Every structure is written in structure tokens, then in C-alpha cells.
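Below you'll find the structure I mean.
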Amino acid sequence: MAFDTAKIAREVQQQAVRHEMLASRLSRVVGAIPDYHELTLVQLAQYGLTKLGIEPPADDEDPFIAALEYFLRGRANTGGGAGGMDSAVETHVDRYLQGRASGSMDSDTNAGESFVDRYLNSN
């Protein structure tokens, strides 16, 4: 069984990128993360959950179920109530199509910043 060093190097690089992206996004919410380079990706996620006051899923819990429960809990906390794709709730897309979009992606304050980033930074 031969090792594919290119494949291993690619996987290590992908993990490093995920680590840096998570640390960057998390630090915008919880502040500076001390010595985050010394943490593994899983340890970084555990640190983030602890700082956010979220109980991490049990070791035997299915990660898909945990992810869905966290999503639904977050949706309930933001007032994202019932409604499907055909609900009468006006969306950002509706406002954009009607020429009433709030904020422009071209403005200096929003340059390169996603909607989620603007929301997280506003709180």
C-alpha cells in the first residue's frame, strides 16, 4: 500500500484552511482566540461552542441531527417562524427585485462582507 503524498498534502492544506476560516469567523463573534494555532480544528470548535454557551453534542450523537437541531434552535431564536418556500414573508430577494434593497453590496461599508457577517457584526 503506497501513500499518495500529494493527496495527503492536499488534505492537510484543506484542514489548515478550514481551521483558519473557522478561527477568523469565530473571532469576529467571541473576540480574540488565544493561541488558536495550537488548537486542532475540533478543539477550536469546542472552544467556540463553550464561549458561545452552547452545549456540545454528546459523543454518540449523530452529527447531522446535532447540526439540524442547532440550525432550528438558531432559527427559532431569530424569529424565523413557520413558513415554507411559498410563505408570504418578504425576503431580501423580494425587496431587491422591487428596488427596495437595504444597503448595496457595492458600498464601501459592505465591500467583501456577506449578509451573515454584517448581521453578526451588528450585534
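What's the local net charge at R18, with K and R +1, D and E -1, over the other residues with C-beta under 15 Å away?
So the environment of R18 carries a net charge of 0.
Quick check: from the Cα gyration tensor, does segment 1-56 come out rounded (a/c under 1.5), prolate or oblate?
Prolate, because a/c is 1.5 or more and a/b exceeds b/c.
To continue, here is another question. Under a plain spin-label model, where a point goes 7 Å from the Cα along Cα-to-Cβ, how far apart in nm are S24 and H92?
With each label placed 7 Å out from Cα toward Cβ, I get 1.8 nm.
Taking the beta-carbon count within 10 Å as an exposure proxy, list E11, E20 from fewest neighbours to most.
E11, E20
Which chymotrypsin sites (Phe, Trp or Tyr not before Pro) in segment 1-65 pass both tests, a DSSP loop state and at most 11 other beta-carbon atoms within 10 Å?
Those that pass, being in a loop and sparsely packed, are F3.
Restrict the search to segment 33-70; then list the GluC sites (Glu not before Pro) that DSSP places in a loop and that have at most 14 other Cβ atoms within 10 Å of their Cβ.
E61
Figure the gain on full extension for Q13 and A66 (residue separation times 0.36 nm, minus the Cα-Cα span) and round it to one decimal in nm.
Result: 16.4 nm gained on full extension.
Then there's this: Could you line up K51, K7 from fewest to most neighbouring Cβ atoms inside 10 Å?
Ranking K51, K7 by Cβ neighbours within 10 Å, fewest first, gives K7, K51.
Something else: From the square roots a ≥ b ≥ c of the eigenvalues of the alpha-carbon gyration tensor of segment 22-80, which class results: rounded (a/c under 1.5), prolate (a/b over b/c), or oblate?
Oblate.
Rank the residues D117, D60 as a footprinting-exposure proxy: fewest other Cβ atoms within 10 Å of their Cβ go first.
Least to most surrounded, the residues fall as D60, D117.
Values quoted throughout were computed directly from the atomic coordinates according to the rules given, and no laboratory measurement underlies them. Computed from a prediction, not measured in an experiment: that's the story for all the values here. Cβ: placed from backbone, ideal geometry, glycine included. Neighbour counts: every protein chain shown.
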